[in-house]
Structure formats: C-alpha cells, structure tokens
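Data block below; observations after.
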Ligand SMILES: [Zn+2]
C-alpha cells in the first residue's frame with residue numbers, strides 16, 4: 001500500500017464465498033516462452049480513479065513543502081521521464097491489467113475486500129491468489145469481525161491475510177488489540193502480509209496524519225513472532241528504509257520473507273538497487289519476493305519486473321528466485337520444479 005492507496009481503498013466487507021483457488025498455475029493465452037512470475041502484492045482496484053495522473057517511476061527526489069502554502073499531497077519532483085506510466089481510460093483498468101498479467105505470465109496475490117477480489121478472480125481466472133485483511137479502508141481502528149474473517153479463510157477460499165495496514169494507524173503489529181487476528185492466521189496456517197516501511201509520497205505528514213514511520217520498524221514484529229512461532233510473515237515493502245533492522249529480523253526468524261513492492265518503483269533507482277542488493281548480499285536471496293503494489297497504472301507491473309531483470313548485481317538464478325521460486329515456496333504452491 002502506498003501513497004494513493006489509502007484514498008482509493010475500498011471498504012472491507014467480508015463474507016462472500018469465493019471460488020476455490022485453482023492449483024493449476026499454467027496461464028492461458030500466455031506465450032509459452034515467458035517464464036512465470038508471482039507478484040505477491042497487488043490491490044484489487046477496478047479503476048485508475050478520477051484523480052489519477054501520469055507518473056514517472058523511481059522519482060529522483062522528494063521535494064520539501066511549506067505549511068504556509070497549499071501543499072500538494074504528492075511530494076515527488078516534477079520531471080519528464082521515459083517511460084512515463086499512464087492511468088487506464090475510465091473503466092478499462094482491470095481489463096488492461098488482466099491483459100498485462102496474461103502477457104507477462106503473472107500470477108498475483110490480490111488484496112482487497114472479498115467482493116473486489118472476486119471481481120479480479122472472474123476477470124483473470126487462474127491468475128489470482130485471493131487475499132483479504134482485518135484492516136483497510138474503514139478508518140483508524142476499524143476491524144473486520146473475527147467470525148467474518150474466519151469464514152473468509154475457511155470456507156471463502158482466501159489464502160493470504162493482507163494487506164495489514166496498521167502502520168497507517170500508527171499501530172505496532174505486536175499490539176495486543178490485534179493479536180487475535182494473527183492467532184487466527186497461525187491457527188489456520190494462513191500467511192500474513194503486513195505493510196512495514198515505505199511512507200510513499202514523501203508527504204505522509206500532509207496526507208496521512210496517523211501514519212508513523214516508527215510503526216514500520218521491522219523489529220516491532222519480534223514480540224508478535226515470539227507469541228506465534230509458526231506464523232509465516234511477508235514484510236511488505238521490505239521494511240524500507242530500515243535495512244539493518246530488517247536484516248536483524250531475517251537473521252532471527254526464518255519464517256519471515258520480504259516483498260519489494262512499492263519501493264521498487266517509487267524511490268530513486270540507485271537506492272532501490274542498493275537496498276535489494278543488500279538483502280541478497282546479506283544471504284537472504286531465498287526470502288526476497290517480487291511484488292508491484294499494482295495500482296492505477298497498468299504498465300507498472302511490466303516496469304517493476306524490468307527493474308529485477310535489469311539488475312546487474314543479480315545472477316539469472318537469483319532473478320528467478322525473486323520473480324518466482326521464493327514466493328512459490330512461501331505460499332506453498334503446488335510446483336514440482338524450480339522455474
Ligand atoms: Zn503497503
């Protein structure tokens with residue numbers, strides 16, 4: 001979840017029964033020579049939204065603003081770029097992303113309300129792994145009732161609990177007020193995906209008064225993990241930019257993986273490469289998962305994949321691990337061989 005997501009987040013209303021998650025990952029209408037990719041971080045938006053604007057990925061800098069003036073919510077420097085990413089035409093977003101996912105041979109974990117995720121499953125059959133959360137879109141402290149959430153993950157077909165956006169409320173994932181949800185995930189053996197790190201626009205102080213950078217500290221997960229030793233955790237956005245704390249957590253807990261979603265296209269490219277390289281060089285190449293944080297711009301997924309493919313510090317095997325194998329292992333997909 002990044003800067004724009006909060007504005008467009010749909011209310012999480014649980015209870016819809018979803019079709020069973022198809023085990024066959026072979027994509028139809030995909031060129032057979034395109035190796036499969038798993039994107040572990042996609043949002044179930046069905047439109048680019050009326051306020052969406054073209055975007056230059058990997059902004060060069062975040063600009064200061066003055067509280068005495070009208071401050072733009074988007075703190076990225078104004079610049080020209082190639083490629084520039086464009087929002088879809090009104091009503092075309094889901095169709096555009098579906099076409100991209102088929103061309104790129106992508107299976108995605110798609111997060112949202114059960115209704116929104118169901119729409120994606122219908123639009124891109126066989127390419128969607130459904131995810132839903134107990135937070136999101138309903139304001140600070142709003143929670144999905146436990147019995148509804150339990151139904152989503154027992155009879156509803158949901159496979160990942162996320163995106164858990166407690167950082168936007170300034171709440172630690174180890175806070176006891178949300179422990180029951182993590183206990184449920186551990187009991188049902190459902191992996192959890194928690195937003196930790198990125199503040200997005202560089203203007204959280206303007207757009208999101210309850211957001212706290214400190215609530216994205218990866219080490220805040222330690223008490224939660226101690227209470228729930230079997231919990232499998234996806235640290236969304238890889239705890240960026242707290243690399244030392246992220247590595248400390250990865251060293252201490254081998255059930256923790258990270259995704260590079262959002263950060264991969266929303267920070268300066270040199271910094272992105274340095275961060276991913278540090279994770280890999282520290283010995284965690286089997287815990288880094290590809291993700292886009294796909295929203296608004298249908299070309300975002302293709303662009304984000306290219307950042308990994310163009311990374312000269314990664315071996316071809318490490319690229320495949322990040323783009324597919326690590327997520328397949330984390331999600332326990334029925335894959336017989338490495339791809
Ligand atoms: Zn996020």
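The values are calculated or read from the model by the stated rules, or taken from the named source; none is laboratory data. Since the model is a prediction, treat every value here as computed from it, not as a measurement. Every residue, glycine as well, gets a Cβ built from its backbone with ideal geometry; the counts of neighbours run over all protein chains shown.
Restricting attention to the range 148-172, which residues are surrounded by 24 or more Cβ atoms within 10 Å (Cβ to Cβ), assigned to a helix (DSSP H, G or I) and more than 14 Å from the ligand (Cβ to nearest atom)? Passing the criteria: 149, 152.
Inside the range 118-147, residues that are within 19 Å of the chain's Cα centre (by Cα), under 20 Å from residue 37 (Cα atoms) and outside any loop (DSSP other than H, G, I, E, B) make up a count of 6.
In the range 173-197, the residue that is surrounded by the most Cβ atoms within 10 Å (Cβ to Cβ) out of those that are part of a loop (DSSP other than H, G, I, E, B) and in contact (Cβ under 8 Å) with a residue 24 or more places away in the chain is 196. Do we find that residue 225 is modelled with pLDDT of 95 or more, out of contact with any helix residue (DSSP H, G or I) (no Cβ under 6 Å at 6 or more places or on another chain) and within 17 Å of residue 171 (Cα to Cα) in this structure? Considered against the rule, which asks whether it is modelled with pLDDT of 95 or more, out of contact with any helix residue (DSSP H, G or I) (no Cβ under 6 Å at 6 or more places or on another chain) and within 17 Å of residue 171 (Cα to Cα), residue 225 comes out as yes.
Just one of the listed residues (324, 313, 257, 275) is surrounded by 15 or more Cβ atoms within 10 Å (Cβ to Cβ), closer than 29 Å to residue 60 by Cβ and at pLDDT 95 or above, namely 275.
Identification of helices (runs of 4 or more DSSP H) wholly contained in the range 200-271 with 2 or more residues that are more than 30 Å from residue 310 (Cα to Cα) yields 204-207, 221-227. What about residue 60, is it in a loop (DSSP other than H, G, I, E, B), in contact (Cβ under 8 Å) with a residue 40 or more places away in the chain and within 20 Å of residue 203 (Cβ to Cβ)? Yes; evaluated as a whole, the condition is true for this residue.
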